[in-house]
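Input: a single structure, listed below in C-alpha coordinates.
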Amino acid sequence: MGRRLLAYFLLDTSGSMYGEPIQALNNGFNGLISMLRTDPQAMDSLYISVITFDRDVKNIIPLVDLASFNPIEIKCPESGPTHTGEALECVYNLVSSELIKGSSDRKGDWKPLLFIFTDGKPSDLQKYRSFLPKIKSLDFGIIVGCAAGPKAEVSFLTELTHDVVKLDTTDSNTLTTFFKWVSSSIEAGNKSQGTGEAITLPPPPSELNIVL
(Lines give C-alpha, C1' and ligand atoms only; values in the text may rest on other atoms or scores of the structure.)
Protein backbone atom coordinates (compact mmCIF):
# COMPACT_ATOMS: atom_id res chain seq x y z
CA MET A 1 0.00 0.00 0.00
CA GLY A 2 1.33 3.47 -0.93
CA ARG A 3 1.57 6.44 1.36
CA ARG A 4 -1.83 7.83 2.19
CA LEU A 5 -3.03 11.41 2.60
CA LEU A 6 -5.71 11.39 5.30
CA ALA A 7 -8.24 14.26 5.24
CA TYR A 8 -10.61 14.70 8.20
CA PHE A 9 -13.76 16.84 7.91
CA LEU A 10 -15.52 18.11 11.04
CA LEU A 11 -18.94 19.40 9.98
CA ASP A 12 -21.25 21.36 12.26
CA THR A 13 -24.76 19.86 12.21
CA SER A 14 -26.19 21.75 15.20
CA GLY A 15 -29.78 23.04 15.15
CA SER A 16 -28.86 26.36 13.52
CA MET A 17 -27.85 24.46 10.37
CA TYR A 18 -31.41 23.11 9.95
CA GLY A 19 -33.14 23.80 6.63
CA GLU A 20 -31.38 25.49 3.73
CA PRO A 21 -27.89 25.54 5.33
CA ILE A 22 -27.70 21.74 5.73
CA GLN A 23 -28.93 21.27 2.14
CA ALA A 24 -26.24 23.68 0.95
CA LEU A 25 -23.64 21.79 3.00
CA ASN A 26 -24.67 18.50 1.37
CA ASN A 27 -24.52 20.00 -2.11
CA GLY A 28 -21.15 21.63 -1.48
CA PHE A 29 -19.58 18.56 0.09
CA ASN A 30 -20.79 16.20 -2.64
CA GLY A 31 -19.44 18.66 -5.19
CA LEU A 32 -16.07 18.53 -3.42
CA ILE A 33 -15.94 14.74 -3.77
CA SER A 34 -16.75 15.00 -7.50
CA MET A 35 -13.98 17.57 -8.02
CA LEU A 36 -11.42 15.51 -6.12
CA ARG A 37 -12.24 12.45 -8.21
CA THR A 38 -10.98 14.27 -11.31
CA ASP A 39 -7.49 14.48 -9.75
CA PRO A 40 -5.49 11.27 -10.40
CA GLN A 41 -3.15 11.97 -7.48
CA ALA A 42 -6.08 12.30 -5.06
CA MET A 43 -7.62 9.10 -6.42
CA ASP A 44 -4.33 7.37 -5.76
CA SER A 45 -3.59 8.55 -2.21
CA LEU A 46 -6.49 10.44 -0.60
CA TYR A 47 -8.52 8.94 2.25
CA ILE A 48 -11.47 10.82 3.74
CA SER A 49 -13.20 10.70 7.13
CA VAL A 50 -16.31 12.74 8.00
CA ILE A 51 -17.31 13.61 11.57
CA THR A 52 -20.51 15.54 12.31
CA PHE A 53 -21.11 17.35 15.58
CA ASP A 54 -24.22 18.73 17.24
CA ARG A 55 -25.49 17.38 20.56
CA ASP A 56 -23.92 14.09 19.45
CA VAL A 57 -20.65 13.50 17.64
CA LYS A 58 -20.66 10.83 14.93
CA ASN A 59 -17.98 9.52 12.58
CA ILE A 60 -20.63 9.19 9.84
CA ILE A 61 -18.08 8.20 7.19
CA PRO A 62 -15.17 6.25 8.69
CA LEU A 63 -11.84 6.60 6.91
CA VAL A 64 -12.21 5.40 3.31
CA ASP A 65 -10.26 5.83 0.08
CA LEU A 66 -11.65 8.40 -2.36
CA ALA A 67 -12.58 5.81 -5.01
CA SER A 68 -14.75 3.89 -2.51
CA PHE A 69 -16.35 6.98 -0.96
CA ASN A 70 -20.17 6.83 -1.02
CA PRO A 71 -21.79 10.19 -0.25
CA ILE A 72 -24.54 10.04 2.35
CA GLU A 73 -27.05 12.72 3.21
CA ILE A 74 -25.83 14.76 6.16
CA LYS A 75 -28.72 15.50 8.53
CA CYS A 76 -29.13 17.75 11.53
CA PRO A 77 -31.62 18.13 14.39
CA GLU A 78 -34.05 21.06 14.48
CA SER A 79 -32.35 22.39 17.59
CA GLY A 80 -29.46 21.63 19.86
CA PRO A 81 -25.95 22.59 20.97
CA THR A 82 -22.61 22.56 19.16
CA HIS A 83 -20.20 20.12 20.81
CA THR A 84 -17.02 21.19 19.00
CA GLY A 85 -14.78 20.07 21.86
CA GLU A 86 -16.18 16.56 21.72
CA ALA A 87 -15.61 16.61 17.95
CA LEU A 88 -11.94 17.48 18.51
CA GLU A 89 -11.67 14.59 20.97
CA CYS A 90 -13.15 12.27 18.33
CA VAL A 91 -10.72 13.37 15.61
CA TYR A 92 -7.78 13.16 18.04
CA ASN A 93 -8.63 9.54 18.84
CA LEU A 94 -9.18 8.66 15.17
CA VAL A 95 -5.94 10.19 13.91
CA SER A 96 -3.98 8.64 16.78
CA SER A 97 -5.18 5.17 15.77
CA GLU A 98 -5.45 5.52 11.96
CA LEU A 99 -2.32 7.42 10.92
CA ILE A 100 0.52 5.08 9.97
CA LYS A 101 3.84 6.38 11.26
CA GLY A 102 7.04 5.86 9.31
CA SER A 103 9.63 3.33 10.48
CA SER A 104 13.02 2.04 9.33
CA ASP A 105 11.45 -0.40 6.87
CA ARG A 106 8.45 1.59 5.59
CA LYS A 107 7.36 5.12 4.84
CA GLY A 108 4.44 6.35 6.88
CA ASP A 109 1.43 8.36 5.73
CA TRP A 110 1.76 11.99 4.70
CA LYS A 111 0.85 14.63 7.29
CA PRO A 112 -2.93 14.55 7.68
CA LEU A 113 -5.28 17.42 6.81
CA LEU A 114 -8.10 18.79 8.99
CA PHE A 115 -11.05 20.94 7.87
CA ILE A 116 -13.51 22.31 10.44
CA PHE A 117 -16.79 23.89 9.31
CA THR A 118 -19.03 25.61 11.87
CA ASP A 119 -21.79 28.23 11.90
CA GLY A 120 -21.60 29.02 15.60
CA LYS A 121 -19.30 28.60 18.57
CA PRO A 122 -18.43 25.67 20.86
CA SER A 123 -21.11 24.86 23.44
CA ASP A 124 -18.48 22.85 25.35
CA LEU A 125 -15.82 25.56 25.43
CA GLN A 126 -13.83 24.11 28.33
CA LYS A 127 -13.47 20.77 26.55
CA TYR A 128 -12.72 22.53 23.27
CA ARG A 129 -9.82 24.44 24.81
CA SER A 130 -8.51 21.37 26.61
CA PHE A 131 -8.16 19.54 23.27
CA LEU A 132 -6.46 22.38 21.34
CA PRO A 133 -2.91 21.37 22.40
CA LYS A 134 -3.66 17.70 21.75
CA ILE A 135 -4.85 18.43 18.19
CA LYS A 136 -1.79 20.61 17.57
CA SER A 137 0.47 17.80 18.83
CA LEU A 138 -0.72 15.58 15.94
CA ASP A 139 1.27 17.73 13.48
CA PHE A 140 -1.36 18.17 10.78
CA GLY A 141 -0.07 19.28 7.39
CA ILE A 142 -2.78 21.91 7.53
CA ILE A 143 -5.80 22.81 9.65
CA VAL A 144 -8.43 25.00 7.96
CA GLY A 145 -11.25 26.51 9.99
CA CYS A 146 -14.39 27.86 8.32
CA ALA A 147 -16.80 30.14 10.18
CA ALA A 148 -20.00 30.30 8.11
CA GLY A 149 -22.95 32.62 8.47
CA PRO A 150 -23.71 35.71 10.57
CA LYS A 151 -23.56 33.97 13.97
CA ALA A 152 -20.25 32.15 13.44
CA GLU A 153 -17.46 33.35 15.70
CA VAL A 154 -13.96 33.20 14.24
CA SER A 155 -12.12 33.83 17.52
CA PHE A 156 -12.48 30.22 18.71
CA LEU A 157 -11.18 28.85 15.40
CA THR A 158 -8.18 31.18 15.45
CA GLU A 159 -7.20 29.58 18.78
CA LEU A 160 -6.78 26.34 16.82
CA THR A 161 -5.29 27.46 13.50
CA HIS A 162 -3.93 30.46 11.59
CA ASP A 163 -5.88 29.41 8.49
CA VAL A 164 -9.46 30.58 9.08
CA VAL A 165 -11.97 31.71 6.46
CA LYS A 166 -15.23 33.55 7.12
CA LEU A 167 -18.31 33.08 4.96
CA ASP A 168 -21.04 35.72 5.24
CA THR A 169 -23.81 33.26 4.37
CA THR A 170 -24.51 29.52 4.36
CA ASP A 171 -26.31 29.46 1.01
CA SER A 172 -25.56 26.95 -1.72
CA ASN A 173 -23.45 29.26 -3.92
CA THR A 174 -21.17 30.32 -1.08
CA LEU A 175 -20.66 26.78 0.24
CA THR A 176 -20.02 25.43 -3.25
CA THR A 177 -17.34 28.11 -3.70
CA PHE A 178 -15.84 27.21 -0.32
CA PHE A 179 -15.63 23.50 -1.12
CA LYS A 180 -14.10 24.24 -4.54
CA TRP A 181 -11.37 26.10 -2.68
CA VAL A 182 -11.01 23.16 -0.25
CA SER A 183 -10.54 20.89 -3.28
CA SER A 184 -7.72 23.15 -4.52
CA SER A 185 -6.21 23.14 -1.01
CA ILE A 186 -6.19 19.33 -0.87
CA GLU A 187 -4.60 19.14 -4.31
CA ALA A 188 -1.96 21.65 -3.18
CA GLY A 189 -1.39 19.54 -0.08
CA ASN A 190 -1.01 16.40 -2.17
CA LYS A 191 1.60 18.00 -4.40
CA SER A 192 3.62 19.75 -1.67
CA GLN A 193 3.80 16.65 0.57
CA GLY A 194 5.87 14.87 -2.04
CA THR A 195 8.42 17.69 -2.09
CA GLY A 196 8.61 18.05 1.67
CA GLU A 197 7.64 21.74 1.49
CA ALA A 198 5.07 23.35 3.75
CA ILE A 199 1.57 23.45 2.32
CA THR A 200 0.67 26.83 0.84
CA LEU A 201 -3.05 27.40 0.52
CA PRO A 202 -4.27 28.65 -2.86
CA PRO A 203 -5.63 32.23 -2.90
CA PRO A 204 -9.31 32.19 -1.89
CA PRO A 205 -12.12 33.48 -4.13
CA SER A 206 -13.75 36.82 -3.27
CA GLU A 207 -16.64 35.19 -1.37
CA LEU A 208 -14.20 33.87 1.22
CA ASN A 209 -12.70 36.29 3.71
CA ILE A 210 -9.37 35.14 5.14
CA VAL A 211 -9.11 36.02 8.83
CA LEU A 212 -5.64 37.30 9.71
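The values are calculated or read from the model by the stated rules, or taken from the named source; none is laboratory data. Predicted model, so just to flag it, every value in this text is computed and none were measured. Methodologically, a virtual Cβ is constructed for each residue, glycine included, from the backbone with ideal geometry; neighbour enumeration extends over all protein chains shown. The accessibility values were calculated without ligands, DNA or RNA, using every heavy atom of the protein model including side chains. Shrake-Rupley method; radii C 1.70, N 1.55, O 1.52, S 1.80 Å.
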Legend entry - Degrees separating the helix 20-36 axis from the principal Cα axis of the chain, which is the longest one: 20
Legend entry - Dipole magnitude (debye, nearest 20) for the stretch 34-173, charges at Cβ of Lys, Arg, Asp, Glu: 340
Inset, instruction - For ARG37, ARG4, ARG106, give the ranking by accessible area with the largest first, probe 1.4 Å. - result: ARG106, ARG37, ARG4
Legend entry - Whole-number D in µm²/s for the stretch 19-144 (Stokes-Einstein; Kirkwood sum over Cα pairs; 37 °C, 0.692 mPa s): 205
Legend entry - Relative contact order [Cα under 8 Å, 6+ residues apart], the stretch 73-171, whole percent: 27
Inset, instruction - Work through the residues other than LEU10 whose Cβ is under 13 Å from its Cβ and net out their charges, Lys, Arg +1 and Asp, Glu -1. - result: -4
Legend entry - log₁₀ of I(q)/I(0) at q = 0.17, 0.18, 0.24, 0.25 Å⁻¹ - the stretch 1-69, Debye sum with one point per alpha carbon: -0.66, -0.73, -1.07, -1.12
Inset, instruction - Among the aspartates and glutamates, select those whose C-alpha is under 20 Å from the C-alpha of LYS121, and discard any that sit fewer than 8 residues away in the same chain. - result: ASP12, GLU20, ASP54, ASP56, GLU78, GLU86, GLU89, GLU153, GLU159, ASP163, ASP168, ASP171
Legend entry - Spatial extent of the stretch 98-190: Rg and Dmax, with the Cα atoms as the point set, Å: 15.3, 51
Inset, instruction - Roll a 1.4 Å probe over the protein heavy atoms and report the accessible area of TYR18 in Å², nearest 10. - result: 120
Inset, instruction - Report the local net charge at ASP124: Lys and Arg +1, Asp and Glu -1, summed over other residues whose C-beta lies under 15 Å from its C-beta. - result: -2
Legend entry - Pairs beyond 29 Å (Cα-Cα), from LYS107/LYS127; LYS58/LYS101; LYS75/LYS107; LYS101/LYS166: LYS107/LYS127; LYS75/LYS107; LYS101/LYS166
Inset, instruction - From the P(r) of the chain, can you give the percent of Cα pairs sitting at distances over 30 Å? - result: 15
Inset, instruction - Quick one: accessible surface of HIS83, probe radius 1.4 Å, all protein chains present, in square angstrom to the nearest 10. - result: 40
Inset, instruction - Could you calculate the contour length gain from SER104 to SER155, that is, 0.36 nm times the residue separation minus the distance between their Cα atoms, to one decimal place in nm? - result: 14.2 nm
